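Peer 1: Okay, here's the structure, questions in a sec.
The values are calculated or read from the model by the stated rules, or taken from the named source; none is laboratory data. Here the structure is a predicted model, which means the values were calculated and not measured. Virtual Cβ from ideal backbone geometry, glycine too; neighbours counted across all protein chains shown. In case anyone asks, the SASA skips ligands and DNA or RNA and just uses the protein heavy atoms, side chains included. Shrake-Rupley method; radii C 1.70, N 1.55, O 1.52, S 1.80 Å.
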2 protein chains.
Amino acid sequence: MQKIGIGLLGLGTVGSGVVTALSCNRQEIRGKLKAELEIRRILVRDPGKARPVEVARDLLTTDFGQIAADPSIQIVVDAMGGTDPARQYILAALAKGKHVVTANKEVVAKYGREILAEAEKHGTGFCFEASVGGGIPVIRPLKESLAADKVEEVLGIINGTTNYILSKMASEGKEFNLTLQEAQEKGYAEPDPTNDVEGFDAAYKLAILTALAFGTPVKFEDISFEGIRRIAREDMAWASELGYVIKLVAAAKERESGLEAWVSPCLLPLEHPLAQVNDVFNGILIKGNLAGELLFTGRGAGGLPTASAVAADIMAVAQKVLTGQAAGPVCTCYRAKPVLPKEEVTGRYYLRVKVKKGDAALPVNNLLIQERIGALPVAKKFQQGKGGTLVYFTQPLQAGTASRAAAKLGMIPGVQEVSLLRLEGLPAAAAWAAATGK
Amino acid sequence: MQKIGIGLLGLGTVGSGVVTALSCNRQEIRGKLKAELEIRRILVRDPGKARPVEVARDLLTTDFGQIAADPSIQIVVDAMGGTDPARQYILAALAKGKHVVTANKEVVAKYGREILAEAEKHGTGFCFEASVGGGIPVIRPLKESLAADKVEEVLGIINGTTNYILSKMASEGKEFNLTLQEAQEKGYAEPDPTNDVEGFDAAYKLAILTALAFGTPVKFEDISFEGIRRIAREDMAWASELGYVIKLVAAAKERESGLEAWVSPCLLPLEHPLAQVNDVFNGILIKGNLAGELLFTGRGAGGLPTASAVAADIMAVAQKVLTGQAAGPVCTCYRAKPVLPKEEVTGRYYLRVKVKKGDAALPVNNLLIQERIGALPVAKKFQQGKGGTLVYFTQPLQAGTASRAAAKLGMIPGVQEVSLLRLEGLPAAAAWAAATGK
């Protein structure tokens, strides 16, 4: 039986998952592929380190050159993080005529175009299903299954760590910091949680999804993103009281003037399909002009789910190795549609204003009128003779307008706190009226 | 720009959807494919009939031979129903070296193996994404995205008509016959509803899913199926009271001795991911040993959603036409695993027994003990001095055992009615205990 050699870069969670996947499903893979996949080298930083899987010591190397130079390695699998040296290794492998499979969202988001061009030049494959949504098939469905659709919108919960934290905040009523700490203790958040909690991870993934969904090159710098640090317990409670949940949503939408592409905490109505996606699960909602709304949910992270996607990509390129076919065109961009600047993104908002005294409510309302913010009061809670809270849902506003108004509200004497959050999943006027009773 | 010719068989809901899809998304398709898709002939029975779309009269033909003989037609799209003459047309097109794309679940379920063998012989493509789940990508994800997984289980709601009827029965408390009639008036059910209501449609789709998920040939006759006609209003009400919904579930599971593959109405706990799939929507839950549980939901029928899948398949084979590559191996079967006989399928059951008098309850319990049916009483409703209802959830039973016991229960004097329904989505003992309080 023909053998296909793999060079694996990295032996952390994903790399170990790939080793386990190829070994425990060896029989199925061999049956389907009619060939054997063999890991011939594994690049690690420290060969002496303890690993989650057992591998023969002589497979390990600290020198990428050994992988690049090995003609028996036809497929290189990038299971590292970060862009440096991942980008150089990927480019070097492609230049040697090797196929590359990666789970590395950052390198695809930042250097995908360059890498795809290099792959096309050499007729090799570059696959990155595992870079978004872990084990959830989404890259291939977007590229192939929705090839004939005009995608109108992508809405996703694509970071498991923040979804876990927000789910726990909602169900247990705890504050962000405490919940983060618990997530770290359970291994759901990294010791340095910046990448997840500040929205970088979701933004990398969204850049990839946006480019594929709309067939246009997207620069990572064009994605506006915000994490979940500022989500207050009060906002969680108000959302729940009003029939909403707060999720970190990644959104990409086609507008006439350009594309919206942003990651932001949002209120979603409880009936929204993504509102039911809890804990570490991911969910991606894609709206095509033919297919309608499609929802994909599953485990968006973890060694084995990610390895499921990596191994499927390996099998796809292995098929090319076996048939000797070139990998074919890999870049799906066919037009240039700009991403709208952050300030021009339009949407509804949830606005919570905490005032020290009841008489601050009047200037708040006046300022909203003066700034021409269509805002429906949806809740109000005041203690007799003391301050309280006003909650509004706004009509569609440009993000710039909304944040300027929020800043001005914050400067009104007697206003203690202003919280402004996006309100998603209420596209139709009818739904809006039903939700607010207006 | 290169042109690729299409011969379309049928101009009903799906055929018209394909015409609309290719025309309204012409620009996107051209951009991505770098070629033009052109419908060159449409096979219809009656060229004079009014159609949902406008097409040039000279495209219409009643003679398949005109399509088969036209060398400018490289792709044949089967948008007909039934197996005769669809099967012959497909085989003839493949023999002429044409690629075939179909939305016809019956022909794939019954003759898929024969057709795939013919396609492999001629190096042409045979694609059938649209045959299951309408616009929901599921064939390609199973074949490609989960290629490296061992699939353990597929659970689906894959018939929109029955899901619509069951959803309405649940939300409006109406009887089956009345709800069916309303669905027919709204166009959600056919004038002759047999194909949907008796489970044929779901069984065709399940045969296809099972073969792909488990990499083994599946004969349509091996699928056991049952429709929703016998679902009583009382069962709907009891399910709801106990925290469950009744859905027509298509299931395929790997067991040591063989595969389970059946379509049956089932009680699902409200928390089950498929319990939220309502109205005409479809949902397919796939459990892979690497990916974990994946759920795909969307519109499982209708002209445009189905056309989304057809058009994506057309683009995939068009790519082969453009590059001159052979379509590659199309059959994904790599082993022979038998489908278990209906009677040997094991699962839990909901059992409702209506008795005329309270003193019939004792012989019911005695019979369950005598037949060694582990059955937990979960609800009971009796009118003072009159008859009433006993509801049980059973421990896992073979289907044969369960139906024999139900038949015996029905013969007990004083027993008025026995209803036996599968109970799905409670795999773990812990979940079972939580659900029943035992």
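Peer 1: Filtering region A:1-28 down to residues that are within 11 Å of chain B (Cβ to nearest Cβ) and either in contact with a Gly (Cβ under 7 Å, 6 or more places away or on another chain) or not aliphatic (A, V, I, L, M) (or both), which residue is farthest from A:Ala130 (Cα to Cα)?
Peer 2: Across region A:1-28, the extreme among qualifying residues is A:Gln27.
Peer 1: Do you know which residues across region B:117-176 are more than 14 Å from chain A (Cβ to nearest Cβ) and on the phi > 0 side of the Ramachandran plot?
Peer 2: The answer is B:Gly173, and nothing else.
Peer 1: Given the structure, is B:Val339 more than 21 Å from B:Val218 (Cα to Cα), more than 16 Å from the chain's Cα centre (by Cα) and among the β-branched types (Val, Ile, Thr)?
Peer 2: The answer is no for B:Val339.
Peer 1: Now, a different point. Out of (1) crowded, with 21+ Cβ neighbours inside 10 Å; (2) over 30 Å from A:Gln27 (Cβ atoms); (3) not aromatic (Phe, Trp, Tyr), what's the single condition that is false for A:Glu293?
Peer 2: (1)
Peer 1: Shifting gears a bit: Return the residues of region B:225-250 that are in a strand (DSSP E or B) and open to solvent by 20 Å² or more (accessible area, probe 1.4 Å); say none if nothing qualifies.
Peer 2: Across region B:225-250, the qualifying residues are B:Phe225, B:Val245.
Peer 1: Can you tell me which of A:Glu254, A:Glu260, A:Glu221 is without any contact (Cβ under 8 Å) to a residue 24 or more places away in the chain and more than 8 Å from every other protein chain (Cβ to nearest Cβ)?
Peer 2: Exactly one residue qualifies, and that residue is A:Glu221.
Peer 1: How about region B:175-204: which of its residues are more than 21 Å from the chain's Cα centre (by Cα) and open to solvent by less than 60 Å² (accessible area, probe 1.4 Å)?
Peer 2: B:Glu182 - this is the single residue of region B:175-204 that is more than 21 Å from the chain's Cα centre (by Cα) and open to solvent by less than 60 Å² (accessible area, probe 1.4 Å).
Peer 1: In addition: Are any residues in region B:348-362 part of a strand (DSSP E or B) and open to solvent by 50 Å² or more (accessible area, probe 1.4 Å), and if so, which ones?
Peer 2: Within region B:348-362, B:Lys354 is the sole residue that qualifies.
Peer 1: Moving to a separate point now. Starting from residues that are hydroxyl-bearing (Ser, Thr, Tyr) and part of a helix (DSSP H, G or I), keep the ones in region A:280-331 and report whichever is farthest from A:Thr13 (Cα to Cα).
Peer 2: This residue is A:Thr323.
Peer 1: If a residue has to be in a loop (DSSP other than H, G, I, E, B) and either surrounded by fewer than 17 Cβ atoms within 10 Å (Cβ to Cβ) or free of Cβ contacts under 8 Å to residues at least 40 places away in the same chain (or both) to count, how many in region A:148-174 make the cut?
Peer 2: Residues that pass the stated criteria total 1.
Peer 1: Follow-up question, since we're still on this one. Looking only at region A:251-279, how many residues end up being within 19 Å of A:Lys205 (Cβ to Cβ) and in a loop (DSSP other than H, G, I, E, B)?
Peer 2: So the count comes out to 3.
Peer 1: Among A:Val77, A:Val101, A:Val107, which is touching a Leu at 6+ places or on another chain (Cβ under 6 Å), under 23 Å from A:Met315 (Cβ atoms) and buried (at least 21 other Cβ atoms within 10 Å of the Cβ)?
Peer 2: Step by step, each of A:Val77, A:Val101, A:Val107 is checked, and only A:Val77 is touching a Leu at 6+ places or on another chain (Cβ under 6 Å), under 23 Å from A:Met315 (Cβ atoms) and buried (at least 21 other Cβ atoms within 10 Å of the Cβ).
Peer 1: Look at A:Lys381 and say whether it is assigned to a strand (DSSP E or B), away from chain B (no Cβ under 14 Å) and either open to solvent by 10 Å² or more (accessible area, probe 1.4 Å) or modelled with pLDDT under 95 (or both).
Peer 2: Criteria met by A:Lys381.
Peer 1: Also: Exactly one condition in (1) away from chain A (no Cβ under 14 Å); (2) over 30 Å from A:Ala336 (Cα atoms); (3) touching a residue at least 12 places away in the same chain (Cβ under 8 Å) is false for B:Asp84; which is it?
Peer 2: It fails just one condition, (3).
Peer 1: Out of everything in region A:29-52 that is surrounded by 14 or more Cβ atoms within 10 Å (Cβ to Cβ) and over 25 Å from A:Thr124 (Cα atoms), what residue ends up being farthest from the other protein chains (Cβ to nearest Cβ)?
Peer 2: A:Pro47
Peer 1: Would you call B:Val345 surrounded by 14 or more Cβ atoms within 10 Å (Cβ to Cβ), within 23 Å of B:Ala237 (Cα to Cα), more than 14 Å from chain A (Cβ to nearest Cβ) and touching a helix residue (DSSP H, G or I) at 6+ places or on another chain (Cβ under 6 Å)?
Peer 2: no
Peer 1: Here's something else I'd like to know. Filter region A:44-59 down to residues that are among the hydrophobic types (A, V, I, L, M, F, W, C) and free of Cβ contacts under 8 Å to residues at least 40 places away in the same chain and give me whichever is farthest from A:Ala93 (Cα to Cα).
Peer 2: Checking each candidate, the answer is A:Ala50.
Peer 1: Can I ask one more? Can you pull out the residues in region B:263-277 that are surrounded by fewer than 24 Cβ atoms within 10 Å (Cβ to Cβ) and within 11 Å of another protein chain (Cβ to nearest Cβ)?
Peer 2: Of everything in region B:263-277, those that are surrounded by fewer than 24 Cβ atoms within 10 Å (Cβ to Cβ) and within 11 Å of another protein chain (Cβ to nearest Cβ) turn out to be B:Glu271, B:Pro273, B:Ala275, B:Gln276.
Peer 1: While we're on this one: Condition first: modelled with pLDDT of 95 or more, under 22 Å from A:Glu153 (Cβ atoms), part of a loop (DSSP other than H, G, I, E, B) and in contact with a Lys or Arg (Cβ under 9 Å, 6 or more places away or on another chain). Can you find one or more residues in region A:335-342 that meet it?
Peer 2: Among the residues of region A:335-342, at least one is modelled with pLDDT of 95 or more, under 22 Å from A:Glu153 (Cβ atoms), part of a loop (DSSP other than H, G, I, E, B) and in contact with a Lys or Arg (Cβ under 9 Å, 6 or more places away or on another chain), which makes the answer yes.
Peer 1: Got at least one residue in region A:299-319 being at the interface with chain B (Cβ under 8 Å from one of its Cβ atoms), surrounded by 19 or more Cβ atoms within 10 Å (Cβ to Cβ), hydroxyl-bearing (Ser, Thr, Tyr) and closer than 30 Å to A:Glu172 by Cα?
Peer 2: No; the residues of region A:299-319 include none that is at the interface with chain B (Cβ under 8 Å from one of its Cβ atoms), surrounded by 19 or more Cβ atoms within 10 Å (Cβ to Cβ), hydroxyl-bearing (Ser, Thr, Tyr) and closer than 30 Å to A:Glu172 by Cα.
Matching residues to (1) among the hydrophobic types (A, V, I, L, M, F, W, C); (2) within 18 Å of the chain's Cα centre (by Cα); (3) under 24 Å from B:Thr210 (Cβ atoms):
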| site | (1), (2), (3) |
| --- | --- |
| B:Met236 | yes, no, no |
| B:Ser240 | no, no, no |
| B:Leu248 | yes, yes, yes |
| B:Ser257 | no, no, yes |
| B:Val263 | yes, yes, yes |
| B:Ile286 | yes, yes, yes |
| B:Leu295 | yes, yes, yes |
| B:Ala301 | yes, yes, yes |
| B:Thr306 | no, yes, yes |
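Peer 1: Could you tell me which of the residues A:Ala119, A:Ala130 is in a helix (DSSP H, G or I) and touching a strand residue (DSSP E or B) at 6+ places or on another chain (Cβ under 6 Å)?
Peer 2: From the options A:Ala119, A:Ala130, the qualifying one is A:Ala119.
Peer 1: Only one of these is without any contact (Cβ under 8 Å) to a residue 24 or more places away in the chain and at the interface with chain A (Cβ under 7 Å from one of its Cβ atoms): B:Leu290, B:Leu295. Name it.
Peer 2: After ruling out the rest, the residue left standing is B:Leu295.
Peer 1: Quick check on region B:320-335: of everything there that is touching a Leu at 6+ places or on another chain (Cβ under 7 Å) and either buried (at least 24 other Cβ atoms within 10 Å of the Cβ) or more than 7 Å from every other protein chain (Cβ to nearest Cβ) (or both), which residue is farthest from B:Ser16 (Cα to Cα)?
Peer 2: B:Cys331
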